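Derivation of every value follows stated rules applied to the coordinates shown; laboratory data play no part. Values in this document were obtained by computation on a predicted structure and should not be read as measured data. All Cβ positions, even for glycine, are placed from backbone atoms using ideal geometry, and neighbour counts span all protein chains on display.
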Amino acid sequence: MALNAGDRAFVNSLLQREWSGRNEQTGAMTKADLLAAVAAVDDWIDANAASYNQALPQPARDALTAPQKVELLYRVARRRYEVD
Amino acid sequence: MASGDTLLQWSALANEPPSSNAATFDTRNQHPVLDFDASTNETAVFSGVMPQHYATGGVTVYLHYAMSTATSGDIDWDVGFELVGDGSQDIDSDGFAAVNSVDNTTVPGTSGHIDVVSVAFTDGADMDSVTAGSGFRMKVTRDAASDTAAGDAELRWVEIRET
């Protein structure tokens, strides 16, 4: 299920605080533009959750919990781009 | 004192944080700054004694700020005065006058560039009747609920001039 408006706003605020803390440039983008991006990612996850789950091999697909599958995706994606 | 002359000035180091929703002290390349959140209205407070050479011409407050990350959008600031004075304000509570605002300022195209905006106050009730020799506080708030620029705003200096 997609995030509600409050949760999307929370992610929007969190990203701005984290990027501001690292003085990480966000270019010509307003708060509303970033919120639209958050919404688009949330919608993409909603549309592709089943496909992601099917991409996991067994036994991971059955053994991992939903939160674990989310963390798996997050850790792999983050490592690819070394954002730490 | 002549119009345009500096009465008082502060750096970010002089902030006296309010008890809630305070701007956060930070450094940027060793510049002390106050970070104002992009989602929640946050406030910094500065205090002083109005100099004797204030000539009742009203004051203009100059805010020197930069954006942490944004290079587009606009920013809104609110400024308000509180006369503490000689028997004028019980310091156990707040008594700020209504704020004056500078809104819809397009932020600099380079995030580290300082922009300077100003807010004018007429002498008298508009600046809570602060007079020469009276103690006062001044609060600076980012109206993040209304502005559009993403990320923190960083306040570097505040200056008060005779209008």
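Brief remarks on what is shown
- Normalised by the number of residues in region B:1-145, the mean separation of alpha-carbon contacts (under 8 Å, six or more apart) gives a relative contact order of 33 percent.
- Sorted ascending by nearby beta carbons within 10 Å, beginning with the fewest, A:69, A:31 become A:69, A:31.
- Electrostatic tally near residue B:18: other residues with Cβ closer than 14 Å to its Cβ, Lys and Arg +1, Asp and Glu -1, net -3.
- Long-range amide H partners of residue A:24 with built H, under 5 Å: none
- Square roots of five times the Cα gyration tensor eigenvalues for the protein assembly as shown, Å: 46, 17, 15
- Rounded to the nearest 20 debye, the dipole magnitude of chain A is 180 debye, with +1 charges on Lys and Arg beta carbons, -1 on Asp and Glu beta carbons, and the Cα centre as origin.
- FRET efficiency for the residue B:91 to residue B:25 pair, using the beta carbon distance and R₀ = 30 Å, is estimated at 0.85.
- Couplings 3J(HN,Hα) of region B:151-163, computed from phi: x, 5, 9, 10, 8, 9, 9, 10, 10, 10, 10, 5, 5 Hz, in residue order, whole Hz [Karplus 6.51 cos²θ - 1.76 cosθ + 1.60, θ = phi - 60°; x for Gly and Pro].
- Near residue B:25, the amide H atoms lying under 5 Å from its own belong to B:35; only residues 5 or more places off or on other chains count, and H is placed 1.01 Å from N.
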